[in-house]
Amino acid sequence: MSAETIIQAVYEQVLKRNPSEPEFHQAVKEVLDSLGLVLERNPEYVSAGILERMVEPERQLIFRVPWQDDKGNFRVNRGFRVEFNSALGPYKGGIRFHPTVYLGIIKFLGFEQILKNSLTGLMMGGGKGGSDFDPKGKSKSEVMRFCQSFMTELCRHIGPDTDVPAGDIGVGGREVGFMFGQYKRIRNEFTGVLTGKGLEWGGSLVRTEATGYGLVYIVNEALKAAGKDLEGMTVSVSGAGNVAIYATEKVQQLGGKVVTLSDSNGFVHDPDGIKLDTVKQIKEVERKRIKEYVSIHKKARYTEGCSDIWSVPCDIALPCATQNELDEAAAKVLVKNGCKVVGEGANMPCTPEAADVFIKNDVIFLPGKAANAGGVAVSGLEMAQNSQRIPWTFEKADSELKNIMVSIYKNASEAAAEYDCAGNFVVGANIAGFVKVANAMLAQGLV
Ligand code: NDP
Ligand code: 2IT
């Protein structure tokens, strides 16, 4: 059987076994489509059923999360944890609280996480969790009660050497704190079972900034290879959460100008450059909407709706909000306006058609599993510090993060070249991530 036939058969089985999960299908297809030559050159992956095993999670947990709102009403949400692959280490990956969460979203994110974590070079398997709980409009006490109920069930499935969750959309330092407190109370142990913890109780410096900083470090590496740097570049960023804010901060530190930010209601365009202190105050302190920005900075404009954000001319686009936020039409507009680099801060923010537009037009396209790996990388460093029981300085954590992003860039470039796809970072990142996991699975026997 040809590699192509094998890949097609695996994909058809994924469609059949996981109906109505389009995001999971999309993530799997992109990876499988990168692996033809890898299978031809490594027939042992085929005979050992590595692909069939890798697309099937090792364990999927779905549970009821009952909680009480401030008015005393009983509420129920659904909780998930998908423990996808432990070939390289304990399951590792964030928790997302968003009303759109269902099993297919958690599976797509968990699947991406396997190869992303492999790319970091640290010992972490892949997993993801979450709930369809909507944190918007909830009081702090409601969020706390929800997190406690969520962890009351989750705590029996996780542990510092088993499965180590962290944040994602809707889950930041505050929620990690509530979940950590409940885990500690029930299990009676103070361990590094979650990452993204507060700095006074086991968190790592740079974890808050890591995904955004890491994204800009790898973009900078790609620019360097093209004989350029960020100085004077105009950058469009979407989202206004953790990743967007710290990507903006690092772009500004390196001399670039970020002109947009967004949330799910709309986007702001500040041609003078986004004032990050204002954004941090609105989003991190007041937890309000991004449109508040224009009441403070009068030259900035707010547009209701998100799709037009990519029509703002830029040299570099950094989608940092959510999956499939940048489609083919938006990609064409970006290319027409002269955009030269796209770095995915979010997980799978570009549709497959958009990614094709970038690749065909020689835009440097850095896919999420490489470009946003800085967050989980510093999570891995947080686990190392927890094991040592010694915190590192900001400089040490930041320089390790930088080294990891540089080596992801190098490994993805080299893998792409080795497999006849030089310059294609989608294929390069998929192959570089896959080969390590596949070899570990081969070595560990039929598990
Ligand atoms: P946050 O919750 O901090 O921020 C998310 C931002 O994206 C908000 O501005 C939010 O707007 C916007 N957003 C969320 N859902 C949608 C939607 N359906 N449509 C439009 N905008 C939306 O999350 P993060 O910054 O942590 O995560 C952003 C992305 O980065 C996600 O894809 C996540 O998986 C990925 N990521 C995060 C990492 C991390 O360390 N945090 C690591 C690697 C990847 P609103 O407030 O209106 O919902
Ligand atoms: O998508 C991701 O890589 C994250 N949300 C971070 C995961 C982690 O364990 O730090």
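The values are calculated or read from the model by the stated rules, or taken from the named source; none is laboratory data. Being a predicted model, the structure only gives us computed values, none of them experimental. Cβ atoms come from the backbone with ideal geometry, glycine included; neighbour counts cover every protein chain shown. When the accessible area is computed, the model is the full protein with side chains, heavy atoms only, and any ligands, DNA or RNA have been set aside. Shrake-Rupley method; radii C 1.70, N 1.55, O 1.52, S 1.80 Å.
For the range 348-371, name all the residues that are open to solvent by 10 Å² or more (accessible area, probe 1.4 Å) and either in a loop (DSSP other than H, G, I, E, B) or polar (S, T, N, Q) (or both).
Scanning the range 348-371 gives Met348, Thr351, Asn361, Asp362, Val363.
Output the qualifying pairs, or none if there are none: Cβ atoms under 6 angstrom, residues six or more apart or on different chains, first residue in the range 192-205 and in contact (Cβ under 8 Å) with a residue 40 or more places away in the chain and over 10 Å from Val378 (Cβ atoms), second residue among the small types (Gly, Ala, Ser) and within 12 Å of ligand 2 (Cβ to nearest atom).
Short answer, once both residue conditions are applied: Lys197/Gly203.
Find the strands (runs of 3 or more DSSP E) located wholly in the range 61-163 whose residues include 2 or more that are among the aromatic types (Phe, Trp, Tyr), and list them.
74-85, 91-97
Among the candidates Gly345, Gly428, single out the residue that is in contact with a helix residue (DSSP H, G or I) (Cβ under 7 Å, 6 or more places away or on another chain) and either more than 22 Å from Pro165 (Cβ to Cβ) or in a helix (DSSP H, G or I) (or both).
Gly428
Can you name every one of the strands (runs of 3 or more DSSP E) wholly within the range 243-318 that holds 2 or more residues which are in contact (Cβ under 8 Å) with a residue 60 or more places away in the chain and out of contact with any Asp or Glu (no Cβ under 6 Å at 6 or more places or on another chain)?
316-318
Listed here are the residues, each with its yes/no results for (1) surrounded by fewer than 16 Cβ atoms within 10 Å (Cβ to Cβ); (2) modelled with pLDDT under 95; (3) over 17 Å from Met124 (Cβ atoms); (4) touching a helix residue (DSSP H, G or I) at 6+ places or on another chain (Cβ under 9 Å).
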position: Val378; (1), (2), (3), (4): no, no, no, yes
position: Gln388; (1), (2), (3), (4): yes, no, no, no
position: Lys410; (1), (2), (3), (4): yes, no, yes, yes
position: Glu414; (1), (2), (3), (4): yes, no, yes, yes
position: Ala422; (1), (2), (3), (4): yes, no, yes, yes
position: Phe434; (1), (2), (3), (4): no, no, no, yes
position: Ala438; (1), (2), (3), (4): no, no, no, yes
position: Met441; (1), (2), (3), (4): no, no, no, yes
position: Gly445; (1), (2), (3), (4): yes, no, yes, no
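Do the conditions hold for Glu44, that is, is it open to solvent by 50 Å² or more (accessible area, probe 1.4 Å), part of a helix (DSSP H, G or I), at pLDDT 95 or above and of a type in the set (Asp, Glu)?
Criteria met by Glu44.
Return the residue satisfying two criteria in turn: it lies in the range 153-170 and is open to solvent by 10 Å² or more (accessible area, probe 1.4 Å) and touching a helix residue (DSSP H, G or I) at 6+ places or on another chain (Cβ under 8 Å), and of such residues it is farthest from ligand 2 (Cβ to nearest atom).
So, considering only residues that are open to solvent by 10 Å² or more (accessible area, probe 1.4 Å) and touching a helix residue (DSSP H, G or I) at 6+ places or on another chain (Cβ under 8 Å), the one farthest from ligand 2 (Cβ to nearest atom) is Pro160.
With under 19 Å from the mean Cα position of the chain (by Cα) and farther than 15 Å from Glu112 by Cα as the only criterion, which of Gly343, Gly445, Gly374, Gly433 stands out?
It is Gly343.
Count, please, the residues in the range 181-206 that happen to be open to solvent by less than 30 Å² (accessible area, probe 1.4 Å) and within 16 Å of ligand 1 (Cβ to nearest atom).
Number of matching residues: 8.
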